[in-house]
1. Yes or no: Thr77 closer than 27 Å to Phe107 by Cα and touching a Lys or Arg at 6+ places or on another chain (Cβ under 6 Å)?
2. Considering only the range 76-84, I want to know if a residue exists there that is out of contact with any Leu (no Cβ under 7 Å at 6 or more places or on another chain), over 14 Å from His143 (Cα atoms), modelled with pLDDT under 95 and among the polar types (S, T, N, Q).
3. Need a quick list: strands (runs of 3 or more DSSP E) entirely within the range 1-98 having at least 3 residues that are more than 14 Å from the chain's Cα centre (by Cα).
4. Six or more apart or on different chains, Cβ under 7 Å: which pairs go from a residue in the range 139-163 that's within 18 Å of Lys93 (Cβ to Cβ) to one that's among the β-branched types (Val, Ile, Thr) and not in a loop (DSSP other than H, G, I, E, B)? Could you list them?
5. Taking the stated definitions as given, is Leu109 among the aliphatic types (A, V, I, L, M), in contact with a helix residue (DSSP H, G or I) (Cβ under 7 Å, 6 or more places away or on another chain) and crowded, with 16+ Cβ neighbours inside 10 Å?
6. Restricting attention to the range 127-186, report how many residues are assigned to a helix (DSSP H, G or I), of a type in the set (S, T, N, Q) and buried (at least 17 other Cβ atoms within 10 Å of the Cβ).
Amino acid sequence: MKKILYVSLFKNSGKAAGASINHSHSQLLALPFCPSPLERELKAIREKERCPYCAMFDKEKTSSRLIFENSECIAFTPYSSMGPFEVWILPRKHVSFLGDCKDKTLFALGDILRDVLKSYGKVLGNLPFNHMFYQLFRTPEYHLNLRLLPRLTINAGFELNTGTYINTVSPERAASYLRGDFTPEK
């Protein structure tokens, strides 16, 4: 256990999401290192006076990007999305990894994830997607979050060359669709 520095928990659904087998599946991998993007994120978090995810939670719970909320979590389309209909889910309480969550939080997280996936089905049909848990155990400053990314676009030369993503659907419009309160013009 001492050699495990990161636990990667994710789901690939559909070939375009990287699924190597025909059915939707989740994977749990223990790594002896922390991935570079999370190391950089943690460094930035440690330079702040307040958890940026807690600040994001406070901002998004009243924004037009909010999709769903329950007693323990919120789901929203992040301002700087990597692609159309990306959704983040944050617990209300600052917890670093799933093992820190109380049962009430885990059930609420499952409920809100189910609601987002139902909305994806209604709005986007049977689409390929990934969902990834971002968590760091033994790192109390980190805030657990779940990110869902439908695979509607392909990262091409610009995205791969610059690390900059082009999103063809504004997060506000995507949230409106997913909440079910936006009717497209015919």
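The values are calculated or read from the model by the stated rules, or taken from the named source; none is laboratory data. All figures in this text were calculated on a predicted structure; none of them were measured in a lab. Because the Cβ atoms are built from the backbone with ideal geometry, glycine has one as well, and the counts that use them run over all protein chains shown.
1. Numbers: closer than 27 Å to Phe107 by Cα: yes; touching a Lys or Arg at 6+ places or on another chain (Cβ under 6 Å): yes.
The answer is yes for Thr77.
2. The answer is yes, given that some residue of the range 76-84 is out of contact with any Leu (no Cβ under 7 Å at 6 or more places or on another chain), over 14 Å from His143 (Cα atoms), modelled with pLDDT under 95 and among the polar types (S, T, N, Q).
3. Numbers: elements: 6-13, 25-31, 66-69, 73-76, 87-91.
Here the list reads 6-13, 25-31.
4. Glu141/Ile45; Tyr142/Ile45; Asn145/Ile89; Leu146/Ile89
5. Working: among the aliphatic types (A, V, I, L, M): yes; in contact with a helix residue (DSSP H, G or I) (Cβ under 7 Å, 6 or more places away or on another chain): no; crowded, with 16+ Cβ neighbours inside 10 Å: yes.
Answer is no for this residue.
6. Looking only at the range 127-186, we keep the residues that are assigned to a helix (DSSP H, G or I), and these are 157-162, 171-179.
Retained after the next criterion (residues that are of a type in the set (S, T, N, Q)): 161-162, 176.
Filter once more, so that each one left must be buried (at least 17 other Cβ atoms within 10 Å of the Cβ): 176.
Number satisfying all stated conditions: 1.
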